[in-house]
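The values are calculated or read from the model by the stated rules, or taken from the named source; none is laboratory data. What you are looking at is a predicted structure, and each value in this text was computed from that prediction instead of being measured. Backbone-built Cβ (ideal geometry, glycine too); neighbour counts: all protein chains shown. Note: areas computed on protein heavy atoms with side chains; ligands, DNA, RNA excluded. Shrake-Rupley method; radii C 1.70, N 1.55, O 1.52, S 1.80 Å.
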Amino acid sequence: MTDSETRSIRNHALIVAAGQGQRSGLNMPKQFSKVRGKPMVRHSATAFLTHPRIAKLWIVIGAGQEELLSNALVGLEGYEIVLGGASRQESVSNGLAAIAEAGGAQHVLIHDAARPFLSQGMIDNLLETAQSEDAAIPVLPTVDTTINITNGYADQAVDRNTLWRVQTPQAFDFQKLINAHDRWSLEPNATDDAQIFKAAGYRIAVIEGDEALKKYTTAADFAEFPGNDMTQIRTGMGFDVHQLATGEELWLGGLKIEHDKGLVGHSDADVVLHALTDALLGAAGAGDIGDHFPPSDPQWQGAASDKFVKFAASVIKQKGGRINNVDMTVICEAPKIRPHREAICRNIAEMLEISADQVSVKATTTEKLGFTGRGEGIAAQAIATISMEYA
């Protein structure tokens with residue numbers, strides 16, 4: 001079956017992400033907080049959007065949460081937004097109404113955003129079961145001893161073999177779920193759609209759940225998971241070389257140095273800053289200096305290379321990263337770099353908006369070997385280390 005054929009089955013998914021998550025103790029609704037380096041809602045949204053048997057994804061959010069969702073799902077496409085209500089039940093009803101208005105569906109999977117780690121296999125199993133049943137839900141056994149409590153004291157144990165934990169997603173015949181929601185009149189509001197569906201007289205098949213589908217609810221749930229503020233440590237490397245020639249200016253690290261020769265290049269030929277630019281762009285996964293400032297473009301003729309460094313730093317900042325440190329080695333016989341090292345470090349620190357102790361500049365020779373040893377040119381190596389949030 002082709003991808004277009006499987007999508008034509010009209011299975012829709014609806015993620016409920018309209019809550020405030022007040023029990024989580026976070027500074028934002030929990031569905032937009034990070035687990036494993038990504039906003040919680042992004043995990044399940046990606047699972048549905050990449051599944052070949054899900055034709056459409058709908059995400060129900062609270063009023064005023066549009067920007068939070070947009071930021072959480074940046075780069076993802078193919079979903080529709082629905083505004084939720086005062087309760088989970090009302091939010092799902094709003095989502096179902098939006099699907100119906102758009103033409104309806106054969107089956108719909110209702111999923112809580114607070115259960116981020118949804119596998120493709122779970123979606124497959126639910127859809128397979130739903131083909132021959134009114135509905136299908138994942139369940140797990142209750143493994144702890146379970147008791148009643150009376151007046152604050154332990155009472156009789158309950159047979160845990162008859163108790164099961166219910167998870168989401170839950171798969172339903174779309175029209176039957178619409179009917180069940182229309183007929184529900186009990187109070188308080190239902191905590192999941194299986195209750196509503198069962199009350200309407202429909203049968204619900206059960207399949208094996210997944211411990212990975214844990215629901216993140218309280219502050220303790222998030223505290224036990226170190227990925228909430230997880231960042232990548234990235235390293236980029238740069239290398240550049242320019243020829244020395246009489247009559248040219250010599251710029252190294254943004255500093256003009258008096259010397260009998262200077263470096264030849266399309267810009268100011270600052271070999272140190274060119275290597276640094278490539279290191280920064282490499283750490284950010286953003287190509288190299290030639291991609292952004294091609295030598296064929298006349299606007300960069302004689303340009304000061306600090307423009308290139310500042311651009312690379314801005315790319316890192318736009319991606320939510322920060323520069324930890326940069327380290328450069330200048331390879332030449334002359335001039336001597338040591339007298340200029342502190343000034344170069346200060347220049348680069350200012351360009352990158354970091355402190356001078358995060359910048360290192362060293363120099364070495366090639367013991368008279370090669371083009372640098374013969375004084376024909378200067379080479380530079382650079383390494384940049386940055387911290388960046390997972391995409």
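Test residue 316 against the stated conditions and say whether it is hydrophobic (A, V, I, L, M, F, W, C), open to solvent by less than 60 Å² (accessible area, probe 1.4 Å), touching a residue at least 40 places away in the same chain (Cβ under 8 Å) and within 30 Å of residue 30 (Cβ to Cβ).
Details: hydrophobic (A, V, I, L, M, F, W, C): yes; open to solvent by less than 60 Å² (accessible area, probe 1.4 Å): yes; touching a residue at least 40 places away in the same chain (Cβ under 8 Å): yes; within 30 Å of residue 30 (Cβ to Cβ): yes.
In short, yes.
Could you run through segment 376-390 and say how many residues are outside any strand (DSSP E or B) and modelled with pLDDT of 95 or more? Break it down into steps so the answer makes sense when it comes.
Start the filter on segment 376-390 by keeping residues that are outside any strand (DSSP E or B), which leaves 376, 390.
Add one more test, that the residue is modelled with pLDDT of 95 or more, and what stays is 376.
Final tally of qualifying residues: 1.
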Revision key, fill the gap. So, first residue among the basic types (Lys, Arg) in segment 232-245, second residue part of a strand (DSSP E or B) and crowded, with 17+ Cβ neighbours inside 10 Å, Cβ within less than 7 Å, six or more apart or across chains; the pairs are 234/386; 234/388
Point to revise | residue 303, sole failed condition from (1) part of a loop (DSSP other than H, G, I, E, B); (2) open to solvent by 20 Å² or more (accessible area, probe 1.4 Å) | key: (2)
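Just need a number here: residues in segment 290-300 that are in a loop (DSSP other than H, G, I, E, B) and closer than 18 Å to residue 238 by Cβ. Don't jump to the end; show me each part of the working.
Just the residues of segment 290-300 that are in a loop (DSSP other than H, G, I, E, B), to begin with: 293-297.
Then drop every residue that is not closer than 18 Å to residue 238 by Cβ, which leaves 293-295.
The total comes to 3.
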Check your understanding: Quick one: in segment 335-371, which of the residues that are part of a helix (DSSP H, G or I) and under 17 Å from residue 241 (Cβ atoms) is least open to solvent (accessible area, probe 1.4 Å)?
Key -> 370
Practice item. Output the residue which, of all residues in segment 143-201 that are without any contact (Cβ under 8 Å) to a residue 12 or more places away in the chain, of a type in the set (Gly, Ala, Ser) and assigned to a loop (DSSP other than H, G, I, E, B), is most open to solvent (accessible area, probe 1.4 Å). Key: 185
Exercise for review: Determine, yes or no, whether residue 79 is aromatic (Phe, Trp, Tyr), open to solvent by 10 Å² or more (accessible area, probe 1.4 Å) and under 24 Å from residue 30 (Cβ atoms).
Suggested key: yes
Check your understanding: Is segment 133-145 home to any residue that is of a type outside the set (Val, Ile, Thr) and out of contact with any helix residue (DSSP H, G or I) (no Cβ under 8 Å at 6 or more places or on another chain)?
Key -> yes
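Looking at 279, 283 in this structure, which one is touching a Lys or Arg at 6+ places or on another chain (Cβ under 8 Å), touching a residue at least 40 places away in the same chain (Cβ under 8 Å) and surrounded by 15 or more Cβ atoms within 10 Å (Cβ to Cβ)? Spell out the reasoning first.
Working: 279 fails: touching a Lys or Arg at 6+ places or on another chain (Cβ under 8 Å).
None of the others qualify; the one that does is 283.
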Check your understanding: Quick one: which of 186, 140, 163, 126 is of a type in the set (A, V, I, L, M) and closer than 24 Å to residue 102 by Cα?
Key -> 126
